[in-house]
Amino acid sequence: MAEKVLVTGGAGYIGSHCVVELIEAGYQPVVVDNFRNAVRGEGDVPESIHRIEKLLDTSIEFHELDLLDQPGLEKLFKKHSFSAVMHFAGLKAVGESVEQPLRYYRVNLTASMNLLEVMQAHKVHNLVFSSSATVYGDPQHLPIDEQHPVGGCTNPYGKTKYFIEEMIKDHCKAEKEWNAVLLRYFNPIGAHSSGVIGEDPQGIPNNLLPYVAQVAIGRREFLNVFGNDYDTLDGTGVRDYIHVVDLAKGHIAALKKLKNDCGCKVYNLGTGTGYSVFQMVKAMEKASGKEIPYKIAPRRGGDIASCYADPRLAESELAWKAEFDLERMCEDLWRWQSMNPTGFSKGTAS
């Protein structure tokens, strides 16, 4: 009997790619999502989940549920016996969090507290948490390893990830039977090689690569480059970009780590290499064969100059390492965007 894994926010970009990897690794995912960042398909099932079902010739159990609805969460846990939970659900835009901090604290923290309480009540003690490199704040040294100080976050989004990490750590100390792996993502990009699922931001993209891809496909006139006066090789921000499929495979490795009664562990998921905004624009121009016009705009609140990982701990303890290079990331992203020029709602992928 396949182990059931609850996937919160499983219709979103990272969650949906993890659902694919879970199924291919022999797990049975049960997906919950509130459609905050997902497109509704036939039968009130997310389009991303429909497409995965077709891609893998399988059926996936889905529940429309907001984690702020604790009674609804209780009902789900009474129905199923989960071996573990992968927690992706939450608001995730840095700029928006600066403008709407209370909303981010209420949604992200309350949802996570509800989930932990229901897990505890139903004796589900294994958790993989979708954290972020934003918990490191403005880096004191590069590359960033897991021993780098955390908590000096430059935006409310990062603070919510830090606070949730602290909740999980404290809970694992108090409840010795608990095991949790906190995965600090760097910058996920790319898409599944089939082009069937990918990143489809609702509204104006908050992240660089979806915006670049939308400019290349003609949905947007030009790219705003937020700041060209950082202390970097070309003045633009430098980030560690990781293929979303590599990231998803890191979650499978984390699930396996939970089996070892690991307690609470923290790992960076990144490549260890930083690329600037201008380098990413050039890479996407090569992948798409399109010129990507841009304009320089003021820096955004909460942004930092450079951020890239030291991923060696994940390699040594999880037997995980990012496989895909920048060229492959951009090729897969362009395949998704060109097959789905307007995203999931009117895409041509089948």
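Students sometimes get this wrong: rank THR8, THR271 by accessible area, probe 1.4 Å, all chains present, largest first.
THR271, THR8
Near the amide H of PHE226, under 5 Å away, which other amide H atoms are found, from residues 5 or more places off or on another chain, if H is placed in the peptide plane?
ALA297
With volume of the Cα convex hull per residue in Å³ as the read-out, I listed (i) 184; (ii) 124; (iii) 168; which label goes with the value calculated from this structure?
The listed entry that was calculated here is (ii).
Run the simple label-point estimate for LYS282 and GLU327 please: 7 Å along Cα→C-beta, distance reported in nm.
1.5 nm
Which is farthest toward the positive dipole end of the chain among ASN187, GLN28, ILE292, measuring Cα position about the Cα centre, with Cβ charges +1 (Lys, Arg) and -1 (Asp, Glu)?
Projecting each Cα onto the dipole axis, the largest value belongs to GLN28.
With +1 assigned to the C-beta of every Lys and Arg and -1 to the C-beta of every Asp and Glu, and no other charges, what is the dipole magnitude of segment 286-350 about the Cα centre in debye, to the nearest 20?
Result for segment 286-350 is approximately 460 debye, rounded to the nearest 20.
If the reach is capped at under 17 angstrom between alpha carbons, list the aspartates and glutamates near LYS259, excluding any in the same chain fewer than eight residues apart.
GLU3, GLU175, GLU177, GLU317
I want the antiparallel fraction of DSSP beta bridges within the chain, as a percent rounded to 5.
Counting only bridges with both partners in the chain, antiparallel ones make up about 5 percent.
Which whole-number percent is the relative contact order of segment 4-339 (Cα, under 8 Å, 6+ apart)?
The value is 19 percent.
Which one of GLY90, HIS80, GLY9 is farthest out on the positive end of the charge dipole of segment 1-121, using unit charges on Cβ (Lys, Arg +1; Asp, Glu -1) and the Cα centre as origin?
Most positive-ward Cα: GLY90.
Using a 1.4 Å probe, what is the accessible area per residue for the chain, in Å²?
42 Å²
Need one word for segment 198-350: rounded, prolate or oblate. Basis is the Cα gyration tensor (sqrt eigenvalues a ≥ b ≥ c); a/c below 1.5 gives rounded, then a/b vs b/c decides.
Oblate is the answer for segment 198-350, as a/c is 1.5 or above yet b/c matches or exceeds a/b.
Express in Å², to the nearest 10, the accessible area of PHE77 obtained by rolling a 1.4 Å probe over the protein heavy atoms while all chains stay in place.
10 Å²
Roughly how many whole Å is it from the C-alpha centroid of segment 83-116 to that of segment 52-69?
Result: 20 Å between the Cα centres.
Please go through segment 103-191 and write out the trypsin sites (Lys or Arg not before Pro) that DSSP classes as loop and that have at most 16 other C-beta atoms within 10 Å.
Hits after loop and neighbour filter: LYS123, LYS176.
Just to check I understand the Karplus step: with θ = phi - 60° and J = 6.51 cos²θ - 1.76 cosθ + 1.60, what whole-Hz values come out for segment 71-79, glycine and proline as x?
Listing the rounded values in order: x, x, 5, 4, 4, 5, 5, 5, 7 Hz.
Rounded to whole Å, give me the distance from the Cα center of segment 299-350 to that of segment 143-184.
After rounding, the separation between the Cα centres reads 23 Å.
May I ask you to list the lysines whose Cα is less than 19 Å away from that of LYS78, ignoring any residue fewer than eight positions away on the same chain?
Hits, sequence-local ones excluded: LYS4, LYS123.
Run lengths n ≥ 4 of DSSP H only: what is the helix-derived mean residue ellipticity at 222 nm for the chain, with -39500 (n - 2.57) per run over all residues, to the nearest 500?
Dividing the helical sum by the residues of the chain leaves -11500 deg cm²/dmol.
Just tell me which lysines come within less than 24 Å, Cα to Cα, of LYS159; anything on the same chain fewer than 8 places away is out.
Result set, ordered by chain and number: LYS92, LYS169, LYS173, LYS265.
The values are calculated or read from the model by the stated rules, or taken from the named source; none is laboratory data. Just so you know, these numbers come straight off a predicted model, no measurement behind them. Reconstructed Cβ throughout: ideal geometry from the backbone, glycine too, with neighbour counts over all protein chains shown. All accessible areas refer to the heavy atoms of the entire protein, side chains included, with ligands and DNA or RNA removed. Shrake-Rupley method; radii C 1.70, N 1.55, O 1.52, S 1.80 Å.
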